[in-house]
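The values are calculated or read from the model by the stated rules, or taken from the named source; none is laboratory data. These figures come from a predicted structure and were not determined experimentally. Neighbour counts run over all protein chains shown; Cβ positions are idealised from the backbone, glycine included.
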Amino acid sequence: MSAALSYSAVSAGYHGTPVLTHVDLTLAGGQRLALVGPNGAGKSTLIKSILGLIPVLGGAATVLGRPPAQARPLIGYVPQTDSLDADFPVTAAQVVMMGRYRRIGWWRPTRAADRRAVRAALEQVGLADRAGKHFGTLSGGQRQRVLLARALAAEPRLLLLDEPFNGVDAVSQEAILGVLRTLSADGTAVVLSTHDLAVAAELADIVCLLNGRQWAAGSPEAVLTAENLRAAYGGHAIEVGHDRTVLVEP
Amino acid sequence: MIEPFAVPFMARALAELALLALICGPVSVFVFARRLSFVSDALTHTVFPGVVIGFLAGGVEGIFAGALVAAVVTAVALTLLTRAGALSDDASTAVVLTAMFSIGVALVSRRSSYTSDLTTFLFGRILTVTPSQLAETAALAAVILTLLLIGARAIIFRTFDPTGAAAAGYRVFWLDLWLNLIVALVVVAAVRAVGTILVVALLIVPAAAARMITSRLVAMAAIGTGLILLASYAGLLASWTASVTYGFALTSASAVVLALVLIYLLLLPLGALRSAPSPTGGRSPHELVG
């Protein structure tokens, strides 16, 4: 089976100008990759390049053995909750159903299998009892879980999450982490961007440290060192105490 | 007293408005959700020169074709400009709107019957709708509803989450063009009956009013259609009563739009009540935690 992600000396950016360079990554099915780095480091750019929404300007990139844009049907994408209009008149179940739209087609009615998948996805994120609630009335953490459920309903082989823990309460964070562990145990590859280095260290098999380019990639122990973080974060890194702990501002 | 809707031209006017209600209810929901109010307004104005050219070339029968061509061209142009980022602010939309409208006024002012022609184009002639015009509106309504039915799911996804829809494999540009074309076709369908100005009300007010009552998309569309029907009946009746009983002229299309706005105003307190924060911000304490 082909790798979930295979990036070799990739650069990506907008309008022909690279904003992220030197990305070398290989991710197997079932592995979890965390993208860390300061604001504007290129985490979202990398996620969008995996989706084929921005072009790869150099190097070689394949996603699930295909050129990025062609892999979209096999990818689940979870955006940041605050990028969405909370006032939009949809229920949680309708949001999750969006994950099935490509399967259903343009105008065929939804089928029992689709409704079952929506119910199962909501159950998986612990929100089955919120199915009929208006999306905007849910808490930030619950909205994030609904968006995760939407991605699950598409039954992806690769799951991408853009800052899934931003503004999320502890209960929702635990629920999301639990789902991600279950998914990868079942063979789904997971890529997430995060500011939270503790979560990255706890969850990821591979951590990729970015700031305009890839500074380091590998196991959390090898990548999240004081030296690497200082190098990648520059002025954002602060040394505290004798154990040379590095705190990183988001 | 004569029963107003037993008179053929009143019955045809009501039938025409009923057809428009059928399409404007659902389409207004998309205009509302995509926040296309100003773009819709721009579309109605950019159609104006097409209406005038059509009229100059082919008389009243030419209006339909002229409006159709202008609507399709402007729908494509607006979509392209938005995509290129040139229409990222309201000012550029306003430039397109006023420029096209001025061209229309300049064209129509060359005619000797300038004032009455302008009034017809801007406010329509709902009471002179012919059976063949009714048939045209019905055909166009069928096309619009079919286009909407095919694209609805994808457009809702794109409206709610553009990046998510693109990530799912939808082409956002084509979906935007799809919706702009639908709105443009509604303008074409409505232009002879209610004119280019008042059609904006049919595209914006129904969903905005329905949103005060419900937060479900399908219910909003159905309620929107119902509100237009109600306003059409009330407006035509008021217009008839004003001229027959009291002897003063109340333009029918204006009366319909005024009735629609009145319904909106009556529903406003309901909307405020719905969105009023409860002691827990509208959520149970449990939801705040989870």
Evaluation of A:TRP106 against (1) assigned to a loop (DSSP other than H, G, I, E, B); (2) surrounded by 18 or more Cβ atoms within 10 Å (Cβ to Cβ); (3) aromatic (Phe, Trp, Tyr) (one fails), failing number = (2)
Criterion: away from chain B (no Cβ under 12 Å), over 30 Å from B:ALA207 (Cβ atoms) and not in a helix (DSSP H, G or I) - qualifying residue of A:ALA113, A:ALA60, A:ALA120 | A:ALA60
Which condition number in (1) more than 14 Å from every other protein chain (Cβ to nearest Cβ); (2) of a type outside the set (Ser, Thr, Tyr); (3) in contact with a strand residue (DSSP E or B) (Cβ under 7 Å, 6 or more places away or on another chain) is the one that A:LEU148 fails?
-> (1)
Kindly provide the set of residues from segment A:98-108 that are in contact (Cβ under 8 Å) with a residue 40 or more places away in the chain and more than 9 Å from chain B (Cβ to nearest Cβ), ordered by number.
-> A:ARG100, A:ARG103
Yes/no for A:SER184 being within 12 Å of another protein chain (Cβ to nearest Cβ) and of a type outside the set (Phe, Trp, Tyr) = no
Only one of B:ALA207, B:ALA222, B:ALA234 that is touching a residue at least 12 places away in the same chain (Cβ under 8 Å), assigned to a helix (DSSP H, G or I) and under 19 Å from B:SER40 (Cβ atoms) | B:ALA207
Hey, does segment A:192-200 have a residue that's surrounded by fewer than 17 Cβ atoms within 10 Å (Cβ to Cβ) and either assigned to a strand (DSSP E or B) or modelled with pLDDT under 90 (or both)?
-> yes
Find the residue count for segment B:80-99, including only residues that are at pLDDT 80 or above and under 12 Å from B:ASN180 (Cβ atoms).
-> 1
Kindly indicate which of B:ALA184, B:ALA201, B:ALA189 is away from chain A (no Cβ under 14 Å), touching an Asp or Glu at 6+ places or on another chain (Cβ under 9 Å) and buried (at least 20 other Cβ atoms within 10 Å of the Cβ).
-> B:ALA189
Search segment B:206-223 for residues being more than 12 Å from chain A (Cβ to nearest Cβ) and surrounded by 24 or more Cβ atoms within 10 Å (Cβ to Cβ), and hand back the single one that is farthest from the chain's Cα centre (by Cα).
-> B:ALA209
Of the conditions (1) surrounded by fewer than 17 Cβ atoms within 10 Å (Cβ to Cβ); (2) under 19 Å from B:VAL187 (Cα atoms); (3) within 14 Å of another protein chain (Cβ to nearest Cβ), B:ALA142 clears all except one; give me its number.
-> (3)
Condition set in contact (Cβ under 8 Å) with a residue 24 or more places away in the chain and either among the β-branched types (Val, Ile, Thr) or touching a Ser or Thr at 6+ places or on another chain (Cβ under 7 Å) (or both), scope segment B:145-158, selection farthest from the other protein chains (Cβ to nearest Cβ): answer is B:ILE155
Specify the residue that is nearest to B:ALA154 (Cα to Cα); the eligible residues are those in segment A:67-95 that are more than 11 Å from chain B (Cβ to nearest Cβ) and in contact (Cβ under 8 Å) with a residue 40 or more places away in the chain.
-> A:ALA92
